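A short write-up of the structure that comes next.
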Amino acid sequence: MSVEGALSRGILHRAAAIIGVGHTNWVGDAERTKRGEKPHTGIGYAALAFLDALADAGLSQNDIDGLIVGPTVPYERMGEILGINPSWSGQADSGGAILQACMAIATGMAETIALVYGNDQRSAKVEYGGQNAASATNYLAYAYHAPWGMTSQGAIYALMARRYEALGGLTEAGLAQVSVALRASAMLNPNALLRNPLTVEEYMAQPYVCEPLRRPDYCLINDGGVALIITSAERARRVGNKAVHVHGIGRSDLNTDASSLQGRLTDFYYEGQRKAAAASFDMAGVGPSDIDVIQIYDSFSLHVPLALEGYGYCRRGDIARYLTEQGIGLSSSRPVNTSGGHLAESYMQGWNHQVEAIRQIRGACGARQVEGCRFVHYSADVAGKCVSIVYGPGD
Amino acid sequence: MGQSRAIRTIYDDPMWETLASGVLRLQQCCNCRSFRYPPGPTCHRCASPEHKWKPVSGRGQILSWVVFHRTYFDDYPAPYNVVAVKLEEGPMIVTNLTGKKPMGSWIGRSVELCFERHSNHGLVPRVKLAGDDHRNVED
């Protein structure tokens with residue numbers, strides 16, 4: 001591409017590439033925590049994942065000059081343990097971390113950045129509802145309606161699901177197809193926690209947690225860590241062919257009416273998704289039809305239909321037909337969350353989705369590999385904070 | 001487990017103080033006239049800090065509803081419902097439907113505010129179906 005062509009896409013277009021991915025043994029640690037053991041703290045999981053990613057990249061600690069830590073680990077202690085005194089640093093969720101890292105690399109603040117995440121949420125008995133609900137200090141909506149018994153992100157998604165289903169013609173059995181498809185993919189993933197089959201009938205037989213959502217609509221809660229090594233595109237080319245480039249990236253936040261939940265219930269994040277999608281696809285120079293695999297942040301099953309409509313894969317209001325006819329499983333033309341995602345692989349708050357995206361493009365996914373996978377789209381819309389990333393091959 | 005807790009900053013206090021007398025008042029911007037909820041220091045539409053506390057009509061429509069089948073608070077044993085109600089004035093509140101329950105979908109049903117006493121929070125605003133002669137639970 002010409003210099004002018006590249007500039008018209010923005011300076012983040014293919015500025016950075018991921019050259020290393022790593023994670024902890026989710027399955028083994030889940031078995032240990034189930035027995036009441038405490039294998040590691042969040043920092044420990046992050047450190048182990050970092051070593052794994054570093055080895056994958058073929059680098060040493062001394063090659064790292066930037067560090068971003070996830071929201072669940074303290075920055076200073078993390079850097080101290082990893083032995084990294086970086087020229088640039090930050091703390092962010094998975095999508096935000098990729099975006100910030102691309103910006104730091106494009107502006108020359110750092111060349112090779114480690115992104116590390118660790119969470120001991122299962123062994124630490126972190127609660128997502130009730131009096132001590134996690135994240136309530138950051139999101140007023142998670143705590144403000146407690147005097148009426150309203151609590152937990154699951155209940156918020158249940159409120160959204162009820163209205164979304166009523167407006168869009170999706171039934172509970174229709175939504176079940178999301179959990180069922182992701183479980184089927186997870187069965188081909190040795191790193192996935194849930195590898196027993198799930199049918200629509202079995203889903204429908206499950207009791208409600210917060211009606212209309214059932215347990216299979218909720219993500220797992222488990223311990224673990226993930227790390228990514230991201231570097232300049234130039235250096236990535238020297239490293240070799242395992243590099244996966246960030247072709248496009250965009251963000252759009254919906255804060256209006258977030259605390260009352262009115263924003264979610266009237267627009268279902270659509271405006272934010274539409275803007276983030278446009279920014280990332282324009283930057284990448286590809287569109288939804290070029291995408292081979294979609295990775296959707298799925299703390300709840302409902303995220304999948306919302307994202308398919310919001311990011312332009314499915315006409316609004318057509319989701320019931322899309323899920324039935326097109327489908328999202330490995331045999332569909334554009335599979336979603338090929339690892340099983342948060343519902344069936346591991347709840348690493350978007351970080352494991354990056355790992356799966358990279359591995360699909362590398363062709364390293366074994367039995368669940370999508371043949372000829374070139375472009376993977378990652379999207380997140382947690383609480384209306386929409387992040388969209390288009391990953392693709394190098395030269 | 002534990003009890004549900006209200007978040008009461010200095011911006012919320014005036015609302016809770018009048019709830020105790022069975023009136024829901026929300027802030028109305030003096031500049032652009034829009035109502036806001038939860039209460040806050042400035043108007044999210046026009047940024048004006050000038051506001052007055054105005055009682056709302058109490059009329060609204062249900063946007064969505066759920067039924068909790070799991071208990072998270074001692075003072076809210078499952079099953080119980082939570083409804084999202086769009087008030088005539090614009091803001092949406094999250095509350096509970098008391099009294100008669102509609103057959104079929106609750107979405108779009110007209111409701112009106114009523115007040116019920118809660119063990120920790122005093123009088124809290126809830127809603128009942130418009131025209132339901134359900135008696136407010138008052139001590």
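Are any of the residues in segment A:266-275 more than 20 Å from the chain's Cα centre (by Cα) and assigned by TED's automatic domain parsing to the domain that holds A:LEU170? Show your work before the answer.
To start, the set of residues in segment A:266-275 that are more than 20 Å from the chain's Cα centre (by Cα) comprises A:266-267.
From what is left, the residues that are assigned by TED's automatic domain parsing to the domain that holds A:LEU170 are A:266-267.
Among the residues of segment A:266-275, at least one is more than 20 Å from the chain's Cα centre (by Cα) and assigned by TED's automatic domain parsing to the domain that holds A:LEU170, which makes the answer yes.
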Unique residue being crowded, with 19+ Cβ neighbours inside 10 Å and in contact with a Phe, Trp or Tyr (Cβ under 6 Å, 6 or more places away or on another chain) when the list is A:ALA141, A:ALA110: A:ALA110
Output for segment A:176-213, where each listed residue is within 14 Å of chain B (Cβ to nearest Cβ) and either crowded, with 23+ Cβ neighbours inside 10 Å or assigned to a loop (DSSP other than H, G, I, E, B) (or both): A:GLN206, A:PRO207, A:CYS210, A:PRO212, A:LEU213
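Counting only residues that are among the aliphatic types (A, V, I, L, M), surrounded by 22 or more Cβ atoms within 10 Å (Cβ to Cβ) and in a loop (DSSP other than H, G, I, E, B), how many does segment A:221-261 have?
We begin by selecting, within segment A:221-261, every residue among the aliphatic types (A, V, I, L, M); these are A:221, A:226-230, A:233, A:236, A:239, A:243-244, A:246, A:249, A:254, A:258, A:261.
Within this subset, residues satisfying the condition of being surrounded by 22 or more Cβ atoms within 10 Å (Cβ to Cβ) are A:226-230, A:236, A:243-244, A:246, A:249, A:261.
Narrowing further to those that are in a loop (DSSP other than H, G, I, E, B): A:243, A:261.
Qualifying residue count, segment A:221-261: 2.
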Total residues in segment A:255-279, condition touching a residue at least 60 places away in the same chain (Cβ under 8 Å) and more than 7 Å from every other protein chain (Cβ to nearest Cβ): 12
Given (1) at the interface with chain A (Cβ under 7 Å from one of its Cβ atoms); (2) crowded, with 17+ Cβ neighbours inside 10 Å, number of the condition B:GLY2 does not satisfy: (2)
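Would you check if there is a residue in segment A:126-133 being of a type outside the set (Val, Ile, Thr) and in contact (Cβ under 8 Å) with a residue 40 or more places away in the chain? It would help to see each step written out before you state the result.
Filtering segment A:126-133 for residues of a type outside the set (Val, Ile, Thr) gives A:127-133.
Next, only the ones that are in contact (Cβ under 8 Å) with a residue 40 or more places away in the chain stay: A:128.
Within segment A:126-133, one or more residues are of a type outside the set (Val, Ile, Thr) and in contact (Cβ under 8 Å) with a residue 40 or more places away in the chain.
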Which numbered condition A:ALA186 fails, given (1) among the small types (Gly, Ala, Ser); (2) under 19 Å from the mean Cα position of the chain (by Cα); (3) in the same structural domain as A:ALA236 (by TED's automatic domain parsing): (3)
Number of the condition not met by A:SER152 [criteria: (1) surrounded by fewer than 24 Cβ atoms within 10 Å (Cβ to Cβ); (2) of a type in the set (Ser, Thr, Tyr); (3) touching a residue at least 60 places away in the same chain (Cβ under 8 Å)]: (3)
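Before we move on, is B:ARG33 without any contact (Cβ under 8 Å) to a residue 24 or more places away in the chain, within 10 Å of chain A (Cβ to nearest Cβ), of a type outside the set (S, T, N, Q) and surrounded by fewer than 16 Cβ atoms within 10 Å (Cβ to Cβ)? Spell out the reasoning first.
Values: without any contact (Cβ under 8 Å) to a residue 24 or more places away in the chain: yes; within 10 Å of chain A (Cβ to nearest Cβ): no; of a type outside the set (S, T, N, Q): yes; surrounded by fewer than 16 Cβ atoms within 10 Å (Cβ to Cβ): yes.
Criteria not met by B:ARG33.
Residue by residue, here is whether (1) in the same structural domain as B:GLY131 (by TED's automatic domain parsing); (2) in a loop (DSSP other than H, G, I, E, B) holds:
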position	(1), (2)
B:GLY2	no, yes
B:THR18	no, no
B:VAL23	no, yes
B:PRO41	no, yes
B:CYS46	no, yes
B:VAL83	yes, no
B:LYS100	yes, yes
B:SER105	yes, yes
B:GLY108	yes, yes
Residue within segment A:224-232 that is under 22 Å from the mean Cα position of the chain (by Cα), within 14 Å of another protein chain (Cβ to nearest Cβ) and not aliphatic (A, V, I, L, M) present: no
Pick from segment B:56-86, criterion within 11 Å of the chain's Cα centre (by Cα) and within 19 Å of B:ALA6 (Cβ to Cβ), ranking: surrounded by the most Cβ atoms within 10 Å (Cβ to Cβ): B:ALA84
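Does at least one position in segment A:185-208 carry a residue that is of a type in the set (Gly, Ala, Ser), at pLDDT 95 or above and under 29 Å from A:ILE43 (Cβ atoms)? Explain how you work it out, then say what you get.
Kept after step one, since they are of a type in the set (Gly, Ala, Ser), are these residues of segment A:185-208: A:185-186, A:192, A:205.
Pick out the ones that are also at pLDDT 95 or above and you get A:185-186, A:192, A:205.
After this cut, where a residue has to be under 29 Å from A:ILE43 (Cβ atoms) as well, the list is A:186, A:192.
Yes - at least one qualifying residue is present in segment A:185-208.
Looking only at segment B:72-118, which residues are of a type in the set (Gly, Ala, Ser) and under 21 Å from A:LEU167 (Cα atoms)? Before you say what the answer is, go through the steps one by one.
At the first step, the residues of segment B:72-118 found to be of a type in the set (Gly, Ala, Ser) are B:78, B:84, B:90, B:99, B:104-105, B:108, B:110.
The answer is B:ALA84, B:GLY90, B:GLY104, B:SER105, B:GLY108, B:SER110.
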Any hit, segment B:59-66, residues being facing chain A (nearest Cβ under 10 Å) and within 18 Å of A:LEU140 (Cα to Cα): no
Enumeration of residues in segment A:29-81 that are over 21 Å from the mean Cα position of the chain (by Cα) and among the acidic types (Asp, Glu): A:GLU31, A:GLU37, A:ASP63, A:ASP65, A:GLU76, A:GLU80
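When you look at A:SER280, is it crowded, with 19+ Cβ neighbours inside 10 Å, hydroxyl-bearing (Ser, Thr, Tyr), within 30 Å of B:PRO39 (Cα to Cα) and within 18 Å of the chain's Cα centre (by Cα), yes or no? Spell out how you get there, then give the answer.
Values: crowded, with 19+ Cβ neighbours inside 10 Å: yes; hydroxyl-bearing (Ser, Thr, Tyr): yes; within 30 Å of B:PRO39 (Cα to Cα): no; within 18 Å of the chain's Cα centre (by Cα): yes.
No.
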Tally of residues being in contact (Cβ under 8 Å) with a residue 60 or more places away in the chain and either within 8 Å of another protein chain (Cβ to nearest Cβ) or in a helix (DSSP H, G or I) (or both) across segment A:156-173: 9
Out of A:GLY168, A:GLY240, sole residue that is over 21 Å from A:PHE300 (Cβ atoms), among the small types (Gly, Ala, Ser) and at pLDDT below 95: A:GLY240
Qualifying position, being over 20 Å from A:GLY248 (Cβ atoms), touching a Cys at 6+ places or on another chain (Cβ under 6 Å) and buried (at least 24 other Cβ atoms within 10 Å of the Cβ), among A:HIS303, A:HIS342: A:HIS342
Residue satisfying condition, being of a type outside the set (Gly, Ala, Ser) and either within 14 Å of chain B (Cβ to nearest Cβ) or in contact with a His (Cβ under 6 Å, 6 or more places away or on another chain) (or both), within set A:GLN153, A:GLN100, A:GLN121: A:GLN153
Neighbours by Cβ (under 9 Å, 6+ apart or cross-chain): first from segment B:43-55, closer than 26 Å to B:GLU112 by Cα; second surrounded by 13 or more Cβ atoms within 10 Å (Cβ to Cβ) and aromatic (Phe, Trp, Tyr): B:LYS54/B:PHE35
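The values are calculated or read from the model by the stated rules, or taken from the named source; none is laboratory data. Fair warning: this is a prediction, and the values are worked out from it, not measured in the lab. All Cβ positions, glycine included, derive from the backbone under ideal geometry; neighbour counts span all protein chains shown.
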